[in-house]
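The values are calculated or read from the model by the stated rules, or taken from the named source; none is laboratory data. Quick caveat: nothing in here was measured; it's all calculated off a predicted structure. Heads up, the Cβs are rebuilt from the backbone with ideal geometry, glycines too, and the neighbour counts pull from every protein chain shown. Protein only, heavy atoms only, side chains kept; ligands, DNA and RNA dropped before computing areas. Shrake-Rupley method; radii C 1.70, N 1.55, O 1.52, S 1.80 Å.
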Amino acid sequence: MRVRGLAAATVLVVLCGGSAAVARTTAEAGAPVARNIIYLQGDGLGLGQRDLLRLALKGKHGDLAMDDLPVTGLVRTSSDDPDEIVTDSAAAATALATGHKTRNGAVGVDVHGRPLETILERAKRAGKSTGLVTTAQVTGASPAAFAAHVPSRDSQSDIAKQYIENSRPDVLLGGGEDWWYPKGNPGLWPDKPGEESRSPYGNLVERAQRTGYTYVRDGDELRDTRANRILGLFANEDMVDYGPDGVGKYAPRVPLRQMARKALDTLSKNPRGFFLFLEEEGTDGMSHENNAHGVIDAGRALDATVAEVLRFVRANPDTLVIIGGDHETGGLNIENYDSSETGPGHEDQDGPFDVPGSKLRFTVDWTTHDHTGADTPVTAEGPGAARLGGTVENTDVYQVMRAAGRF
């Protein structure tokens, strides 16, 4: 990954100051304001995953679309959990969304359970449009941290209820239909073993429709709608079928790129701009399964979405776009391929994988099925992006977004 020139004093602003200091320094420098802010996340996307995607998709000397941004940094991901060093997605996303670290499992609240105002809620209050788009459940931990406040990430029907009653993102697209329908009402998608509808609040889809959302059920309806407030649920739970190599399958019914394009088209109608959270969940889920082929498939979709976002950014340079990962999953490592290698641990390797444009091959080794404490890479472009160069805390990502948007 390429690191391009950054001013050390600019980076120091983030590392030494809180949100007020960042905003004040930005204003004093006469920096342009970001009308739009896009945070695009590859869940579980660490350095190993990005290297895997680059080597497998672009070759030894190639670059992903996500590499083609002028600012590169590293993000520290630890949570403020009394019992664990390594973060989960809820705590990591809360830090990104609110600028405060919290305990694992908590969504949009501090370590004492008190609600924290999110960057999405600030954007809404400033008159901007907002959106949450993911291949996970739209009420999952990462998107929820930007628009809900619950003590446990498992309270997904509560999260859905808060979306439609309180934070009201203009675009809500992803999976997780089961949390919106009451028991006994299966909704559109057939339940797999162990799945069932479970909303204790009745039919939340109908309630969302009564409050102004247009509900879309598939890619065709999403493409055709001209509504300004959209709810789309395209799977019972996550939109990806996870499993080990040969079992797991990356095949969302509606591609992330299509969902992102519709979100951009819809939210950009607002002359005051927007905040948009985009997430590819497959990079995390397939890493949990130690399925490198699945990670590549999900990463291909993620990078296609990055390219779609960058086309928008080129036409709208007053947009801050940040591409990051909430944490690393799997302890993924790239190794030379040795056809004669045998012995303990060899059976846990994935591959070999070909390197396009060469005769080289490599394998992928994993150290865990869980998250790790590794720093995650971030690349960025647009107003305020330079302050993400160097090594920063995940809470600094929030500070940069808030300072760039000045809200």
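With point charges of +1 on the Cβ of Lys and Arg and -1 on the Cβ of Asp and Glu, referenced to the Cα centre of the chain, which listed residue (TYR39, LEU55, LEU332) lies farthest in the positive direction of the dipole?
The listed residue farthest towards the positive side: TYR39.
Need one number: nm distance between label points at GLU165 and ARG198, each 7 Å from Cα along Cα→Cβ, rounded to one decimal.
Each label point lies 7 Å from its Cα, and together they span 2.0 nm.
P(r) for the range 281-407, please, calculated from all Cα pair distances in 5 Å bins and given in %.
Per 5 Å bin, starting at 0, the Cα pair percentages come out as 2, 9, 16, 16, 17, 15, 11, 8, 4, 2, 1, 0.
When the expected Rg is taken as 2.2 N^0.38 Å, what fraction or multiple of it is the alpha-carbon Rg of the range 34-191?
Compactness ratio reported: 1.14.
Taking all protein chains as present, what is the carbon and sulfur share of the accessible area of the range 95-192, in % to the nearest whole number, probe 1.4 Å?
50 percent
How much space per residue, in cubic angstrom, does the convex hull of the C-alpha atoms of the range 41-92 take up? Numbers along the way, then the final one.
Details: hull volume 4.9 nm³, N = 52.
In the range 41-92, the Cα convex hull volume per residue is 95 Å³.
Of the cross-linked pairs LYS101/LYS161; LYS161/LYS269; LYS128/LYS269; LYS60/LYS249, which ones have a Cα-Cα span greater than 22 Å in the structure shown?
LYS101/LYS161; LYS161/LYS269; LYS60/LYS249
If you take the Cα atoms of the range 354-402, find Rg, then find the Kirkwood Rh from the mean of 1/r over all pairs, what is Rg/Rh?
Rounded to two decimals, Rg over Rh is 1.17.
Antiparallel versus total DSSP beta bridges in the chain: what percent is that, nearest 5?
Antiparallel bridges: around 40 percent, rounded to the nearest 5.
What number results when the radius of gyration of the range 95-150, computed over Cα atoms, is divided by 2.2 N^0.38 Å?
Ratio of Rg to 2.2 N^0.38 Å for the range 95-150: 1.09.
Please give the Cα centre distance for the range 347-407 versus the range 196-225, rounded to the nearest Å.
Value for the Cα centre distance between the two parts: 33 Å.
Towards the positive end of the charge dipole of the range 181-338, with charges on Cβ (+1 Lys, Arg; -1 Asp, Glu), say which of PRO252, PHE274, ASN228 has the farthest Cα.
Going by the Cα projections, it comes out as ASN228.
Using a simple charge model, +1 on the beta-carbon of Lys and Arg, -1 on the beta-carbon of Asp and Glu, nothing else, what dipole does the chain show about its Cα centre, in debye to the nearest 20?
2340 debye
So how far, in whole Å, is the C-alpha centre of the range 50-77 from the one of the range 94-145?
Between the Cα centres of the range 50-77 and the range 94-145 lies a distance of 26 Å.
What residue among THR391, THR368, THR77 has the largest mean-square fluctuation in a Gaussian network model of the chain, using Cα springs under 10 Å?
Looking only at THR391, THR368, THR77, the largest GNM fluctuation is found for THR368.
Dipole magnitude of the range 255-321 about its Cα centre, charges +1 at Lys/Arg Cβ and -1 at Asp/Glu Cβ only, in debye to the nearest 20?
On the way: 8 positive and 10 negative charges, 104 e Å.
Result for the range 255-321 is approximately 500 debye, rounded to the nearest 20.
State in Å² the accessible area per residue of the chain; use a 1.4 Å probe, count heavy atoms of protein chains only, and round to the nearest integer.
Values: 15710 Å² over 407 residues.
Accessible area per residue: 39 Å².
Looking at the calculated P(r) for the chain, what percent of the C-alpha pair distances fall above 31 Å? Each step should come with its number before you reach the end.
Values: 27953 of 82621 pairs.
The answer is 34 percent, as a whole percent.
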